[in-house]
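The values are calculated or read from the model by the stated rules, or taken from the named source; none is laboratory data. From a predicted model like this one, the values you see are computed outputs, not experimental measurements. For neighbour counting, all protein chains shown are included, and Cβ atoms are generated from backbone atoms with ideal geometry for every residue, glycine included. Areas reflect the complete protein model, heavy atoms only, side chains present, ligands, DNA and RNA absent. Shrake-Rupley method; radii C 1.70, N 1.55, O 1.52, S 1.80 Å.
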Amino acid sequence: MDKKLKNLEKQYTDVSIPKELDLVVERALKQGRKKKKNRTPQWLLGSAAAAMLFTASLNVSPAMARTLSDIPVVGSVVKVLTWTEYEVAEDNFDANIKVPAIENLDNQDLANTLNEKYRAEGKALYDEFITEVGDLKASGSGGHLGVDSGFEIKTDNDQILSIGRYVVNTVGSSSTVMEYDTIDKENEILITLPMLFKDKNYIEAISENIKEQMRTQIAESNQDKVYWVKGAGMADEDLMEAFSAIQPDQQFYISDKGKLVISFDKYEVAPGFMGVVEFEIPTDVLKDDLVSTKYIH
């Protein structure tokens, strides 16, 4: 079962971001606040027709109408909705995969690239789930298999849109993977972690602060919190894999208050009962490394 769980996780995390995204971000950065002319790529005409059919179908599909009834409206223009939903409900197999879509970004290239990435992720999850279910049924081994995937708006203000996408896989035990996209709504560009900083010094600065926060939380929690970090009272040899440093592209979002929040998946830096864990990094820790205080302040 552990192998099947890892396969599901790998299928999700291995979905590649289209190479065009780097070009989109670079082009958007050069344009800054300049708005692009209203152009409709030829290939989008078919999508527009499909969207019209999709909207019309709401009149005859109560389930679809219920899905859209909870659409979170982002700001006054940009919005995020559930583009499609995959559902499976059987005795031992269940899946609920909601795929988000961003609408009304003037930077249509960026919106299209992100939306295609989301759709590819959702389809890959569903396909892998169906394959695993088929294998289990064929083997007659029984067991339970489940996947729950969706999204949540972490930040929604005049400047920032941060979308968190989660995947919870259940095969005996469960695992949770989070991925975030943070968008500058004013300039309509995708914000990455490295672009916030002057150089790679941010990796050590953030990592050392997180270790400090981990040790403090452990000391103050009366053993309610546990992290795999050295110097927190646990014998080093008992640590599975002690946390040493964040990845250069560690998952993050920017909070509504303009704070950098670093996120770790379930089991990444702590036991499973801790779930997904987040650390808000004090701006004082980052101020010497930030390119500017436009986003983080």
(message) Between Val99, Val167, Val171, which is touching a Leu at 6+ places or on another chain (Cβ under 6 Å) and surrounded by 20 or more Cβ atoms within 10 Å (Cβ to Cβ)?
(response) Val171
(request) Kindly indicate the residue of region 102-136 that is in contact with a Leu (Cβ under 8 Å, 6 or more places away or on another chain) and of a type in the set (A, V, I, L, M) and also nearest to Asp181 (Cα to Cα) among those meeting that condition. (result) Leu114
(request) Assess whether Ala124 counts as being touching a Phe, Trp or Tyr at 6+ places or on another chain (Cβ under 8 Å), assigned to a strand (DSSP E or B), surrounded by fewer than 20 Cβ atoms within 10 Å (Cβ to Cβ) and among the aliphatic types (A, V, I, L, M). (result) no
(message) Here is a list: Glu132, Glu116, Glu186, Glu152. Which entry is over 16 Å from the mean Cα position of the chain (by Cα) and open to solvent by 30 Å² or more (accessible area, probe 1.4 Å)?
(response) Glu186
(request) Go through (1) in contact with an Asp or Glu (Cβ under 7 Å, 6 or more places away or on another chain); (2) under 23 Å from Ile296 (Cα atoms); (3) at pLDDT below 95 one by one and return the number of the condition Val168 breaks. (result) (2)
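Residue-by-condition table, conditions (1) in contact with a strand residue (DSSP E or B) (Cβ under 8 Å, 6 or more places away or on another chain); (2) within 27 Å of Asn157 (Cα to Cα):
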site: Pro194; (1), (2): no, yes
site: Lys225; (1), (2): no, no
site: Ser263; (1), (2): yes, yes
site: His297; (1), (2): no, yes
(request) Filter region 133-154 for residues that are free of Cβ contacts under 8 Å to residues at least 12 places away in the same chain and either in contact with a strand residue (DSSP E or B) (Cβ under 9 Å, 6 or more places away or on another chain) or part of a loop (DSSP other than H, G, I, E, B) (or both) and give the result. (result) Lys137, Gly140, Ser141
(message) Yes or no: region 262-281 includes at least one residue that is among the β-branched types (Val, Ile, Thr) and farther than 16 Å from Glu212 by Cα.
(response) yes
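Yes/no matrix, rows are residues, columns are (1) surrounded by 17 or more Cβ atoms within 10 Å (Cβ to Cβ); (2) in a strand (DSSP E or B):
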site: Asp256; (1), (2): no, no
site: Ser263; (1), (2): yes, yes
site: Lys266; (1), (2): yes, no
site: Val269; (1), (2): yes, no
site: Phe279; (1), (2): yes, yes
site: Asp284; (1), (2): no, no
site: Asp288; (1), (2): no, no
site: Ile296; (1), (2): yes, no
(request) Note down all Cβ pairs under 8 Å where the first residue falls in region 183-199 and is farther than 18 Å from Gln250 by Cα, the second is acidic (Asp, Glu), and they're at least six residues apart or on different chains. (result) Lys185/Asp158; Glu186/Asp158; Glu188/Asp106
